[in-house]
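Novice: Have a look at this one before I ask anything.
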Amino acid sequence: MTVKGVGVCQTERNVDQHLAFIELYEYKVADLVRGHEPAGGRRALLELRAVLLQASLDGALSRRLSKVDRLYREFRRQANAGEVGRSRSVQFRPESSAPPLAPSGSALEEARVWRELHQLVWCSQVQERVQQFVLQARSEAGHATLRVVYAVTETAERSLRGVPEAFPVPLSDDPLLSLGDREIALQLGESLCQLLLTPEGEQVLLEAVSRTWAQPFPPHVDEAVLAARIESAEREPISQVAREELIQALRAQYPQAPDPRERPAVRLACARLEELLGSVLALRPGMAGLPGRSILYSSDPVAGMIDAPEDQEELVIYLGTDSMGAGQEAYWHGLHLRWQRGGQDWQFMVDKQLALLRPSLPKASRHLKLRVGEETLRVYHSGDYVLLRHTLVPRDALQTLARQALLTARLLDPAHTFANLRLGRALARALRDNELDLEEFAAASAEKYGGADAGHLLAFARQGAGTLLSQAGEVTESKVEELLDSLTGLLNLPAVHARTLRQAWQEVQLVTHTTAEASPPILHLRSDGQFGAVKLGDQPLNLHFRGRVVTLNRDYKGDVAVLLPGGSAGEKAVLHDLLVVPVADLSLVLVKWQQWVAATTVRNLALP
């Protein structure tokens, strides 16, 4: 960051600083391996690791970093395995269930099916996560992540065939690769998935990531020959121009050497891939026994249920029927489920949608998605059993919107001549490493906001919030905090503004509520930024806070109208997906995703 007129600039870290950082990293990793919490916590360790992976280190420091990072990655691999093992016994047990059964008779088969169904769930989660990962990596400059995925999968597949040589990471300008192509990226993701879904493939894949991180560009077998030929050419009694042309012709006969600046980017991509693999492997189901009261219409007296639980997102059903013909339909989350056998297959109907379940299909093909209104029902099946997954709350989508909405509300706070908005704009400029002119963010620059149209100002603040969240995700949290504190001082703003924006960066809390017991439905809002979420039905929804009531109601077009307190009969705002409404000294923050609405209030800073 360079500040115009102030003379403050950020210099490059020198070798001594890199050495100090590596020594600090060694101490933190040593504490972790010994079972102690590293100084500053694990987040500080991860931030330090990210800085070192992106740094341009000389050979000695790079080897020293490689050695300690191999120790850290091995610790994480073992820790992930231990965490999975500890979570397996409780991962799929309902809160009200009995302890896992000792399988016997029919329970033995149901325990096997239970594990297989959850293995199918995990396989589909792996496919979705990996697909999202490779598609996002397509937009990356230089495609370092996709090149690493390509090299890692090739090295792993070679290991399975008994070929010990690692595959080098392709260069960014390799003419034989088209990694920006969607289909090629998806094929890379599919190769990665296939390796992950077998124990042998998982092992060689993790080893391949470590090998690629340690040596992304293995030396070519003819590298020494090329060096000798170039040395000979330099001794030829010819002109300088002819000598350079000869050397260029010699280099063209051999693979191009990688740019030294590629190594930090490749190692950072290896860290991203390693983080992805760790996250999906941690979700893998274990070998725990069959929980009690876990299968609808099961013949086992302990595992069986006679009613589908409405408070759970998952339901396993035994489709077979008893001698009385029971167990051919069920009601769950407002869905009418019916089924009947058709030869070796099952005809499964959800409301009016019919699906054919074929147990003879391969495991990877025994799952499907059904659209139910605006939501998705996932269906997994094995033999005479089916597992249904219904997302009760689109939590991830709501939380993403809520985080942006909360930061938007903070930017719209008018205190100290829109100081939060001025500070946010300055931070966005600094994160882009652009030159900073302090006059551009002075109090006089914010006079236009006071008389601006509310809709235009909301759109401007929302765009700024999205930009800030995106930029902050690309750097460490400590850098954002350092810039916030520095800019607050340079702009002569009270420290409360830096604290307010820093808090808006935190993950938002989302609490779901049921409104079935009230008519019309009521949701009581808090003023600490915690969002309450409800599913909006046909009835109006009343939001209560600080003695006021705001009503949400669907109009004749299906839009969600927000009827403001004290306004005229025709005064309303429309909630599309995000809305911030000033109400006295508060801001009402609303977000909407499909049929779900989440809301909170935040208190504005006191005006001077």
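Novice: Just checking, how many residues over the stretch 269-297 are open to solvent by 20 Å² or more (accessible area, probe 1.4 Å) and modelled with pLDDT under 85?
Specialist: 8
Novice: Need pairs with beta-carbon distance below 7 Å; first residue over 16 Å from K28 (Cβ atoms) and at pLDDT 75 or above and within the stretch 44-72, second of a type in the set (A, V, I, L, M, F, W, C) and open to solvent by 10 Å² or more (accessible area, probe 1.4 Å); sequence gap 6+ or separate chains.
Specialist: L61/L19; S66/A214
Novice: Only one of (1) assigned to a loop (DSSP other than H, G, I, E, B); (2) among the aliphatic types (A, V, I, L, M); (3) touching a Lys or Arg at 6+ places or on another chain (Cβ under 6 Å) fails for L436. Which number is that?
Specialist: (1)
Novice: Here is a further query. Any chance you could count how many residues in the stretch 21-65 are surrounded by 14 or more Cβ atoms within 10 Å (Cβ to Cβ) and not in a helix (DSSP H, G or I)?
Specialist: 3
Novice: Would you check which residues across the stretch 252-266 are open to solvent by 80 Å² or more (accessible area, probe 1.4 Å) and at pLDDT 65 or above and list them?
Specialist: Of everything in the stretch 252-266, those that are open to solvent by 80 Å² or more (accessible area, probe 1.4 Å) and at pLDDT 65 or above turn out to be A252, Q253, P260, R261, R263.
Novice: To continue, here is another question. Given (1) over 26 Å from Q54 (Cα atoms); (2) modelled with pLDDT under 85; (3) not in a helix (DSSP H, G or I), where does A107 come up short, assuming only one miss?
Specialist: So A107 meets the others, but not (3).
Novice: Determine if the stretch 231-242 includes at least one residue that is among the small types (G, A, S), more than 22 Å from the chain's Cα centre (by Cα) and modelled with pLDDT of 90 or more. Spell out how you get there, then give the answer.
Specialist: So the first thing to find is which residues in the stretch 231-242 are among the small types (G, A, S), and the list is 232-233, 239, 242.
Right, trim to more than 22 Å from the chain's Cα centre (by Cα) and you get 232-233, 239, 242.
Going one step further and asking which of them are modelled with pLDDT of 90 or more, we end up with none.
Within the stretch 231-242, not a single residue is among the small types (G, A, S), more than 22 Å from the chain's Cα centre (by Cα) and modelled with pLDDT of 90 or more.
Novice: Can you tell which of A141, A102, A98 is among the hydrophobic types (A, V, I, L, M, F, W, C), at pLDDT below 75 and open to solvent by 40 Å² or more (accessible area, probe 1.4 Å)?
Specialist: Working: A141 fails: at pLDDT below 75; A98 fails: open to solvent by 40 Å² or more (accessible area, probe 1.4 Å).
Criteria check complete, one pass: A102.
Novice: While we're here: Could you check how many residues of the stretch 515-546 are open to solvent by 30 Å² or more (accessible area, probe 1.4 Å), modelled with pLDDT under 85 and over 32 Å from the mean Cα position of the chain (by Cα)?
Specialist: Selection size over the stretch 515-546: 7.
Novice: Of the residues that make up the stretch 165-184, is at least one on the phi > 0 side of the Ramachandran plot, open to solvent by 40 Å² or more (accessible area, probe 1.4 Å), free of Cβ contacts under 8 Å to residues at least 40 places away in the same chain and over 24 Å from the mean Cα position of the chain (by Cα)? Break it down stepwise before answering.
Specialist: Within the stretch 165-184, the first condition is being on the phi > 0 side of the Ramachandran plot, and the residues that meet it are none.
No.
Novice: Something else: If only one of Q463, Q404 is touching a residue at least 24 places away in the same chain (Cβ under 8 Å) and open to solvent by 20 Å² or more (accessible area, probe 1.4 Å), which one is it?
Specialist: Details: Q463 fails: touching a residue at least 24 places away in the same chain (Cβ under 8 Å).
Residue meeting the stated conditions: Q404.
Novice: Filter the stretch 354-363 for residues that are within 32 Å of the chain's Cα centre (by Cα) and open to solvent by 30 Å² or more (accessible area, probe 1.4 Å); which is modelled with the lowest pLDDT?
Specialist: Of the residues in the stretch 354-363, the ones within 32 Å of the chain's Cα centre (by Cα) are 355, 357, 361-363.
Subsequent filtering for residues that are open to solvent by 30 Å² or more (accessible area, probe 1.4 Å) retains 361-363.
On the way: L361: 89, P362: 83, K363: 80.
Top of the filtered list is K363.
Novice: Suppose we keep only residues that are open to solvent by 20 Å² or more (accessible area, probe 1.4 Å) and in a strand (DSSP E or B) within the stretch 305-327. Which one would you say is modelled with the lowest pLDDT?
Specialist: M305
Novice: Consider L226 against the criteria (1) open to solvent by less than 40 Å² (accessible area, probe 1.4 Å); (2) modelled with pLDDT under 75; (3) under 25 Å from W122 (Cβ atoms); (4) of a type in the set (A, V, I, L, M): it satisfies all of them except one. Which criterion is unmet?
Specialist: Here L226 clears every test but (3).
Novice: Could you count how many residues in the stretch 110-146 are more than 22 Å from A265 (Cβ to Cβ) and hydroxyl-bearing (S, T, Y)?
Specialist: First pass over the stretch 110-146, keeping only residues more than 22 Å from A265 (Cβ to Cβ): 110-129, 131.
In the following step, the residues that additionally are hydroxyl-bearing (S, T, Y) were identified as 124.
Final tally of qualifying residues: 1.
Novice: Could you run through the stretch 407-438 and say how many residues are of a type outside the set (D, E, K, R), open to solvent by 40 Å² or more (accessible area, probe 1.4 Å) and closer than 22 Å to G529 by Cβ? Write out each step before concluding.
Specialist: Narrowing the stretch 407-438 to residues of a type outside the set (D, E, K, R): 407-409, 411-412, 414-421, 423-424, 426-428, 430-431, 434, 436, 438.
If we keep only those that are open to solvent by 40 Å² or more (accessible area, probe 1.4 Å) as well, we get 414, 416-417, 434.
Next, only the ones that are closer than 22 Å to G529 by Cβ stay: 414, 416.
Here the count works out to 2.
Novice: Now a separate question. Which members of the stretch 482-508 meet the condition of being of a type in the set (S, T, N, Q) and either in contact with a helix residue (DSSP H, G or I) (Cβ under 6 Å, 6 or more places away or on another chain) or modelled with pLDDT under 75 (or both)?
Specialist: Quick first cut of the stretch 482-508, residues of a type in the set (S, T, N, Q) only: 486, 488, 492, 500, 503, 506.
Those that are of a type in the set (S, T, N, Q) and either in contact with a helix residue (DSSP H, G or I) (Cβ under 6 Å, 6 or more places away or on another chain) or modelled with pLDDT under 75 (or both): T488, T500, Q506.
Residue by residue, here is whether (1) modelled with pLDDT of 80 or more; (2) of a type in the set (A, V, I, L, M) holds:
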residue: Q17; (1), (2): no, no
residue: L24; (1), (2): yes, yes
residue: K28; (1), (2): yes, no
residue: E37; (1), (2): no, no
residue: R42; (1), (2): no, no
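Novice: Looking only at residues that are at positive phi and open to solvent by less than 70 Å² (accessible area, probe 1.4 Å) in the stretch 328-349, which one is farthest from the chain's Cα centre (by Cα)?
Specialist: The first filter runs over the stretch 328-349 and keeps only residues at positive phi, leaving 333-334, 343.
Still in the list and also open to solvent by less than 70 Å² (accessible area, probe 1.4 Å): 333, 343.
Values: H333: 28, G343: 43 Å.
Result: G343.
The values are calculated or read from the model by the stated rules, or taken from the named source; none is laboratory data. Since this is a predicted model, take the numbers as computed values, not measurements. When we count neighbours, we look across all protein chains shown, and the Cβ atoms used for this are built from the backbone with ideal geometry, even at glycine. Side chains are part of the model used for accessible areas, which takes the heavy atoms of the whole protein and leaves out ligands, DNA and RNA. Shrake-Rupley method; radii C 1.70, N 1.55, O 1.52, S 1.80 Å.
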